[in-house]
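See structure below.
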Amino acid sequence: MKTTIVPLGPQHPVLPEPLSFDLVLDNERVIDAVPSIGFIHRGLELLAPKRDFEEYVMIAERVCGICSFMHGMGYSSAVESVLALPVPRRARQLRVILAELSRVHSHLLWLGLAADAFGFENLFMQTWRLREEVLDMFEETTGGRVIFNIVKVGGMRKDIEDATLSRISSRLTAMKPQLKEITDIFLNDYTVKHRLSGLAVLPEAEARELGVVGPMLRASGVVSDQRLGNPMYEGLRWEAAVEKDGDCHARCRVRVKEIFQSIDIIAQAAGAMAADGIAAKIASAPNGEAFYRAEQPRGEAIYYVRGNGTRMLERFRLRTPTFANVPAVVKLLKGTELADVPTIILTIDPCISCMER
Amino acid sequence: MTMDIALIEAAALPERVKGLRAAGSRLAVISAVALPVAAAGEAPAVELTYSFDKDGALSHLRLTAAPGQKVPSVSGDYFSAFLYENEIREQFGVEFEGLVLDFKGTLYKTAVRVPFAVAAPVKKPVPGANS
Amino acid sequence: MAISPLIPAALANLFKKPATRLYPHEVREPFARTRGSITMREAECIFCGICQNKCPSKAITVVRAEKTWQVDQLRCLACMRCVEVCPKKCIEARSARPAPYGSDRAGSVEKKTGPAAPPTAPAK
């Protein structure tokens, strides 16, 4: 059997960030895939012992552009856990609103990229046109489109008025018909279903063993969402989006459901804002260790913080969801056709700059 | 925050992991911390924490690898561990035995080898102790 | 075979205004909160140097003896920490981004000198 080796990446029109797979092909079928990572490794975890722990939030935010807010929030929450610092309710609600808005933005971005991956560029552009409105909302409230600089250890740096929050919530609700028009195409269109259904099926048992997280896990029938049981989300009514099929189309359906759910959560939170301040004062330096798990748009992100009583942390470890999902891609690529490879890589929603801080 | 950490020896790791896998736990993360060294330039002991998730609850296994000690790999039981262990090997210099997919040090290709081990903190002298 | 619902939408788009803006001929008004850049009112500055210490990218340089303050706009992240910590509140946040610079970075360093500069200071 004669095999060809085709390198996919690190630069590829379909990949948002550099990731390389050496595909061993027999004609058009992939027999094996060898991953290569490390193209965007900046060693940001090494900076943790060298920066004041309050300033490090800025570096945590800059690990990734799409997941920026939640990285800052996860880091701050982990440090607040070590300090046993109670964060005011309003700050937690503001974090929830911005986190869910980040989720809407990230899923819209993914929908556009997924459409681009199987060649549907018109749909890609229409989806990103909606994403621009979400970016405008970010700029109006926090001052930045991608990096917000609004979260800090202890709460938030700036307040967002209730009037602004309800205006944003009504704009999102007004966006729903357009969103429905676009997502209906993803869910029901003949071509899209033909490309995505039955592709890269991940059965439930294998999903658990491979350690995948986020929409990959939920599309295989496992109810696992770090927002369940998180005290920040108490008082908000929502359900984890779960599908049974485990193929690419099921993951698409999970993410579409999550967009509409996030808009609902924002409406609920914006209508019930507390007024007890936006930040708690920090009286000491972190001494001890803590794990914090956040539900990023891509899955479960684990933040591990260890302090030794000085202003600089001893260790900060960030395990991003893409890091947990990449081994699954290595397994899923075997036996598929070359034309489907970009779609499968995109189905995990790869965020390589997160993966290789 | 109370954490469920069990301190074990490296030799006991494969058995504990097989038990966790049979119980349906998911490997969440393998973290490593370089413990302080006595003098700059020495190879540090590395504390490894294996975190498992079962139905939303995290439990941890912790072991300390002395400099030069080989730790058995769990990638035979949990395939995703190969990525964590390769990264720890490149950043801290801990050798794992039995890796399913071994990058042999070419994962990140940093300019400084084992950067986290090189940057291990130096133990500060205890105030008040006379040498 | 079903006709994709996007086809009527695509045909309608042929007759609609484009969704994009002809930048730089048409510039959108920045929002009030947009973090664009910083500037400083030199009449109120006491040259204490706190802004220099707090700047995460070391964009601000303060020379107390010569009463000069300068910011390298290309290093500035517009994070607004200096605005928060200034004791005299004389650093101002602007919502407009500075205009692009050429490859020689000409004009990217904005320098201010205090009112009572000592006679030996170089002329501005």
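The values are calculated or read from the model by the stated rules, or taken from the named source; none is laboratory data. None of the values given here were measured: they were computed from a predicted structure. Using ideal geometry, Cβ is built from the backbone for each residue, glycine included, and neighbour counts are taken over all protein chains shown. The accessibility values were calculated without ligands, DNA or RNA, using every heavy atom of the protein model including side chains. Shrake-Rupley method; radii C 1.70, N 1.55, O 1.52, S 1.80 Å.
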Taking the options A:Phe39, A:Phe21, name whichever one is in contact with a Ser or Thr (Cβ under 9 Å, 6 or more places away or on another chain) and open to solvent by 60 Å² or more (accessible area, probe 1.4 Å). A:Phe39
Considering residues of segment B:22-53 that are at pLDDT 85 or above and among the charged types (D, E, K, R) only, the residue nearest to B:Ala119 (Cα to Cα): B:Glu47
Report yes if C:Asn13 is under 30 Å from A:Glu121 (Cβ atoms), surrounded by 11 or more Cβ atoms within 10 Å (Cβ to Cβ) and either in contact with a helix residue (DSSP H, G or I) (Cβ under 9 Å, 6 or more places away or on another chain) or of a type in the set (Ser, Thr, Tyr) (or both), otherwise no. yes
Conditions (1) away from every other protein chain (no Cβ under 14 Å); (2) part of a loop (DSSP other than H, G, I, E, B): number failed by A:Arg253: (2)
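Mind counting the residues in segment A:99-133 that are assigned to a helix (DSSP H, G or I) and aromatic (Phe, Trp, Tyr)? Write out each step before concluding.
Here is the first cut: in segment A:99-133, the ones assigned to a helix (DSSP H, G or I) are A:99-117, A:121-133.
Cutting the leftovers down to aromatic (Phe, Trp, Tyr) gives us A:110, A:124, A:128.
The total comes to 3.
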When restricted to A:Gly221, A:Gly235, the only residue small (Gly, Ala, Ser) and modelled with pLDDT under 85 is A:Gly235
Which residues, taken from segment A:318-342, are surrounded by fewer than 21 Cβ atoms within 10 Å (Cβ to Cβ) and either modelled with pLDDT under 85 or of a type in the set (Lys, Arg) (or both)? A:Lys331, A:Lys334
Kindly indicate which of B:Leu99, B:Leu63, B:Leu107, B:Leu83 is more than 10 Å from every other protein chain (Cβ to nearest Cβ) and open to solvent by less than 10 Å² (accessible area, probe 1.4 Å). B:Leu63
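What helices (runs of 4 or more DSSP H) lie completely within segment A:176-243 and have 1 or more residues being within 27 Å of A:Ala301 (Cα to Cα), open to solvent by 20 Å² or more (accessible area, probe 1.4 Å) and facing another protein chain (nearest Cβ under 9 Å)?
Working: elements: A:190-196, A:204-210, A:215-218.
Answer list for segment A:176-243: A:204-210.
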Could you count how many residues in segment A:322-337 are touching a strand residue (DSSP E or B) at 6+ places or on another chain (Cβ under 6 Å) and in a helix (DSSP H, G or I)? 1
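Any idea how many residues of segment C:16-47 are in contact (Cβ under 8 Å) with a residue 40 or more places away in the chain, over 16 Å from the mean Cα position of the chain (by Cα) and open to solvent by 40 Å² or more (accessible area, probe 1.4 Å)?
Taking segment C:16-47 as the starting set, the residues that turn out to be in contact (Cβ under 8 Å) with a residue 40 or more places away in the chain are C:30-47.
Within this subset, residues satisfying the condition of being over 16 Å from the mean Cα position of the chain (by Cα) are C:42-47.
Filter once more, so that each one left must be open to solvent by 40 Å² or more (accessible area, probe 1.4 Å): C:42-44, C:46.
The total comes to 4.
Would you point out the residue of segment B:24-46, among those that are in a loop (DSSP other than H, G, I, E, B) and in contact with a Lys or Arg (Cβ under 7 Å, 6 or more places away or on another chain), that is most open to solvent (accessible area, probe 1.4 Å)? Explain how you work it out, then say what you get.
Of the residues in segment B:24-46, the ones in a loop (DSSP other than H, G, I, E, B) are B:24-25, B:35-36, B:38-45.
Now drop any that are not in contact with a Lys or Arg (Cβ under 7 Å, 6 or more places away or on another chain), which leaves B:24-25, B:36, B:38.
Working: B:Gly24: 36, B:Ser25: 11, B:Pro36: 53, B:Ala38: 68 Å².
By that ranking, first place goes to B:Ala38.
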Can you find even one residue in segment B:92-108 that is within 10 Å of the chain's Cα centre (by Cα) and of a type in the set (Lys, Arg)? no
